[in-house]
Amino acid sequence: MNAAGKLSAYGAVLALVAGGAWAVGTAVGPVSAAPVPSSHDGMPSGDGHGNAHGGTVAETDLPGGLASSRGGYTFAPTATTRNAGATEPFSFRVLGPDGRAVTAFDVEHDKRMHLIVVRRDTAGFQHLHPEMAADGTWSTPLDLPEAGSYRVFADFTPTGGAGTTLGTDIAAAGEFEPREFAPSRVAEVDGYQVRLDGELVAGQSSPLRLTVSKDGAPVTDLQPYLSAYGHLVALRSGDLAYLHVHPEGAPGDGRTAPGPQIDFVAAVPSADTYRLFLDFQHDGVVRTAEFTVDTSGSAPAADQPGHTGH
């Protein structure tokens, strides 16, 4: 095949990938207009770190990550196509209301930028922390092991502004084989077992408890990771509406134990299926436990796990 033919074929593959992403992303229709507790970027509110403590927002407020531009800020990647199976630099800028790259960001949980990458079918979850150059360009090595359309979320707080989550799509060319995930509340990762207790109830704050064990024994010496014993990201199936929460309490506060339980309070904007990703650190290694929760029939439960408040 000559060079022109190769380029044509490559473009066709990217078109198929992008088309598949559009179909998945629009399958569930518009976001529910029901009021939900306010928070970081339109999700459940709390103490500024994603812990939900009640409150309401306008019905027109969208969950985080559904738009690449919001509140005057724009997520602008340098390139939106990748090679599957190769580690390559990924760079981007956050443009401010004046159209210039923002260079001042607040530190949230030890980092000024949290970058979440996940394929549109919710496979291949990654939580990265890029570094920023003086001109406002952020960069990080990124490996997309398989072909497909990926959603990239930039979670940040511009100095003087509100916490914001913006999302954009990038594509890795090649044959795309989507995955399906059955409902699951127990995750196995590298010999660890993590159990999820509690119910996500649409439109209200919901206590959740994650319990970590290894080889059948509770893990009681979790290590702080980004100033917490765990980080939880929830993504709504279909459009990948984004919620990032941090656990109740903090390492060294005199009341939060380093496991085996990690307690959260979270809220979801609508009854749907959600993918949950818990990052936790033990023995110097950060691992991710994955869960799939269907909230379509959920109701407030009398035996939801307890949690420590702020």
Response to the item:
Checked the range 124-197 against the a/c 1.5 cut and the a/b vs b/c comparison, axes a ≥ b ≥ c from its Cα gyration tensor; verdict oblate
Item to complete: Report the label-to-label distance for Asp143 and Ala79 in nanometres (one decimal), using points 7 Å from each Cα along the Cα→Cβ vector.
Response: 1.9 nm
Worksheet item: Using θ = phi - 60° and the Karplus form 6.51 cos²θ - 1.76 cosθ + 1.60, what ³J(HN,Hα) does each residue of the range 128-134 get, whole Hz, x for Gly and Pro?
Response: 10, 9, x, 10, 9, 7, 4
Worksheet entry | Extreme residue, positive dipole direction of the range 69-173, given options His127, Thr80, Leu115 (C-beta unit charges) | Thr80
Worksheet item: Ranked from highest to lowest mean number of other Cβ atoms within 10 Å per residue, what is the order of the peptides 110-120, 285-295, 94-104?
Response: 110-120, 285-295, 94-104
Item to complete: Measure off 7 Å from each Cα along the Cα-to-Cβ vector at Thr220 and Ala162, then give the distance between these two points in nanometres to one decimal.
Response: 4.4 nm
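Only the coordinates and a few stated rules stand behind these numbers; no lab work does. Predicted model, so just to flag it, every value in this text is computed and none were measured. Positions of Cβ are generated from backbone atoms using ideal geometry, with glycine treated the same way; all protein chains shown enter the neighbour counts.
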